[in-house]
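Below: the structure, in structure tokens.
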Amino acid sequence: MEQQKLKRLTREDLQYIAGFIDGDGSIMAQLVRGDYKYGYTTRVTVALYQKTKRHWFLKQMKAVLGGNLYKKTNGMSVLEITGYTPVKTLLLALHPFLRIKKPQARRVLKIIEAYKDRETEACFLKVCQQVDKVANLNDSKARKHTYASVARYLNCPVETERGGYLIYYTKSPFR
């Protein structure tokens, strides 16, 4: 999201967008597998959903918020704003007006800040735990990559919610 366009929005515009996200939107953090330092990276996204018959409305929102707009095969259209800078800019502007999704916004902003300090596996795994917490707030159903899967990939003990550890090895620890 461009900072200039955001500055042109009125307080009422920001309140409307926040309400739209609270009702027909999502604030997400995901773990993405790939050729990254730790085998995974994080992705942060703010998405707005609308039936495709109102695709025109999301086009108007895209003109203001930026992002990628597409039609899904299930009759829905989605506007996604993805990336640390655009999501941070948007969430900082909307945070005072969010109600339902305020906890997700708060955690995603923490993830964005913490992601800068990922010099060690332990720091990255803390970010992964925060991603899991956002997913829990969103009632995510079919998550493929979690803190535990990243820890297993890195051959690290997996911290349980009760403070214990499970140890999984994807490769022999003796090699």
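The values are calculated or read from the model by the stated rules, or taken from the named source; none is laboratory data. If you're wondering where the values come from, they're calculated on a predicted model, not measured in any experiment. Cβ coordinates were reconstructed from backbone atoms using ideal geometry, including for glycine residues, and neighbour counts include every protein chain displayed. The protein model used for the area step is the full one, side chains on, heavy atoms only, and it has no ligands, DNA or RNA in it. Shrake-Rupley method; radii C 1.70, N 1.55, O 1.52, S 1.80 Å.
Shown here: the chain, whose C-alpha atoms stretch 59, 33, 30 Å along the first, second and third principal axes, sorted largest to smallest.
Once the chain from H95 to C123 is taken as fully extended at 0.36 nm per residue, the excess over their C-alpha distance is 7.5 nm. Solvent-accessible area assigned to carbon and sulfur over the stretch 58-115 amounts to 55 percent, based on a 1.4 Å probe. Highest-first packing order for the peptide set 60-66, 144-150 is 144-150, 60-66, based on the mean count of other beta carbon atoms within 10 Å.
What a 1.4 Å probe finds exposed on the stretch 1-51 is 43% carbon and sulfur by accessible area, rounded to a whole percent.
For the stretch 49-94, the number of Lys pairs separated by eight or more positions or lying on different chains, with C-alpha atoms closer than 13 Å, is 6.
Every pair of different Cα atoms in the stretch 22-113 enters the Kirkwood calculation, which places the hydrodynamic radius at 14.0 Å. The stretch between R54 and K7, if pulled fully straight at 0.36 nm per residue, gains 14.3 nm over its current Cα-Cα span. If the cut-off is a Cα-Cα distance under 18 Å, which lysines reach K141, setting aside same-chain residues fewer than 8 apart in sequence? By straight Cα distance, K141 reaches K101, K133. Residues in the chain average 60 Å² of solvent-accessible surface per residue, probe 1.4 Å, ligands and nucleic acids excluded. Descending by average beta-carbon neighbour count within 10 Å, the peptides 42-48, 78-84 line up as 42-48, 78-84, the highest first. Highest average first, the peptides 4-13, 17-26, 123-132 ordered by how many other beta carbon atoms sit within 10 Å of their residues are 123-132, 17-26, 4-13.
Computed from the C-alpha gyration tensor, the three semi-axes of the ellipsoid equivalent to the stretch 74-157 are 24, 17, 12 Å, from longest to shortest. Helix 11-24 and the longest principal axis of the Cα set of the chain meet at an angle near 60°.
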